[in-house]
Amino acid sequence: MTDEISYEQLGRIACCSAFHFQRMFTYMAGVPLSEYIRRRKMSLAAVDLQGSDAKIIDVAGKYGYSSPTAFNRAFQSVHGIAPSTVKNEGVSVKSFPPITFKITVKGVEEMEYRIETKETFRIVGVSVPLQKDIEENFAVIPAKWQEVSTDGTLQKLVGMMNAKPVGVLGISTFNDTEPWKYYIAVASSDDKGGFEEYTVPAATWAIFAGKGTNQSIQELERRIVTEWLPTSGYEYGNAPDIEVYINPDPQNAQYEVWIPVVKKQV
């Protein structure tokens, strides 16, 4: 926790992209990676400050904070108090121990899926940048959906839909050779007009169907990563994640989740 932590290096160690690593960590641990790191650092910082003569600026630097203001903000977000008060007797702080893993029995609920290999297809739509810290995307992406739903963009895109897959698409691109983006788009051969275009590469996908609210698709994605993928014989492929909204009503959605896969090497 006192060294520089590279999400890209974590992904390489786990044989996946930094994006996939963060998402799988969040689903498995129940807390975003960035928040876990913040809590662990501030837990250790509180121990360093208690009952010692350590200076706040030195402790801040030890855990990677070049600015005392940033350290103070992070410390208060975790402990609810300023680091300067920790030395006072009787002050309560929070402890966040290192993450541990345990075996749990899952899979009680069935999961229907199909494996399909698709050729390249073209999409047109709008996009927002995906941040390296995926916690930030939890706010940016829903806001973009709200924007396109209310300003007429979504209606225009639906009118341009003339290819498969049929539906409004949410496509996350996050490989190492191009900027990370989230597209709200449709498959189309029409002139792109004022929209962006992107070609989804040929790949094999595991496709899961679902229905419900926007929260239910997140739960389906969590189950795919934590329950299906580890025992499927597949691992993540180098292609975008795709959400296909057959009925995009946020309260009564029908959708498919496409996860790019390759056969696991034995």
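For this structure, a couple of remarks:
- Any hit, the range 7-19, residues being free of Cβ contacts under 8 Å to residues at least 40 places away in the same chain, part of a helix (DSSP H, G or I), surrounded by fewer than 16 Cβ atoms within 10 Å (Cβ to Cβ) and over 27 Å from the mean Cα position of the chain (by Cα): no
- Within the set Ser52, Ser77, Ser66, Ser43, the sole residue that is polar (S, T, N, Q), out of contact with any Gly (no Cβ under 9 Å at 6 or more places or on another chain) and surrounded by 14 or more Cβ atoms within 10 Å (Cβ to Cβ) turns out to be Ser43.
- Qualifying positions in the range 131-157 - assigned to a loop (DSSP other than H, G, I, E, B) and free of Cβ contacts under 8 Å to residues at least 24 places away in the same chain: Asp151, Gly152
- Of all residues in the range 176-208 being within 20 Å of the chain's Cα centre (by Cα) and open to solvent by 40 Å² or more (accessible area, probe 1.4 Å), the one that is modelled with the highest pLDDT: Lys181
- The residues of the range 209-226 that are free of Cβ contacts under 8 Å to residues at least 40 places away in the same chain and either surrounded by 16 or more Cβ atoms within 10 Å (Cβ to Cβ) or over 18 Å from the mean Cα position of the chain (by Cα) (or both) amount to a single one, Leu220.
- With respect to the conditions (1) under 22 Å from the mean Cα position of the chain (by Cα); (2) surrounded by 12 or more Cβ atoms within 10 Å (Cβ to Cβ); (3) of a type outside the set (A, V, I, L, M, F, W, C); (4) within 30 Å of Ile5 (Cα to Cα), Pro98 falls short on a single one, namely (2).
- Residue count for the range 50-73, restricted to those that are under 15 Å from Thr2 (Cα atoms), of a type outside the set (Val, Ile, Thr) and either in contact (Cβ under 8 Å) with a residue 12 or more places away in the chain or part of a helix (DSSP H, G or I) (or both): 7
- Cβ-Cβ under 7 Å pairs, at least 6 apart or on other chains, the range 82-94 side closer than 11 Å to Ala46 by Cβ and open to solvent by 80 Å² or more (accessible area, probe 1.4 Å), far side of a type in the set (A, V, I, L, M) and not in a loop (DSSP other than H, G, I, E, B): Lys87/Leu49; Lys94/Val78
- Residues within the range 232-258 that are part of a strand (DSSP E or B) and closer than 18 Å to Thr120 by Cβ, tallied: 4
- Evaluation of Ala143 against (1) more than 23 Å from the chain's Cα centre (by Cα); (2) open to solvent by less than 90 Å² (accessible area, probe 1.4 Å) (one fails), failing number: (1)
- Residue count, the range 20-34 (criterion: of a type in the set (Gly, Ala, Ser), in a helix (DSSP H, G or I) and over 16 Å from Asn137 (Cβ atoms)): 1
The values are calculated or read from the model by the stated rules, or taken from the named source; none is laboratory data. Quick caveat: nothing in here was measured; it's all calculated off a predicted structure. Here Cβ is always computed from backbone atoms with ideal geometry, including for glycine, and neighbour counts include all displayed protein chains. Side chains are part of the model used for accessible areas, which takes the heavy atoms of the whole protein and leaves out ligands, DNA and RNA. Shrake-Rupley method; radii C 1.70, N 1.55, O 1.52, S 1.80 Å.
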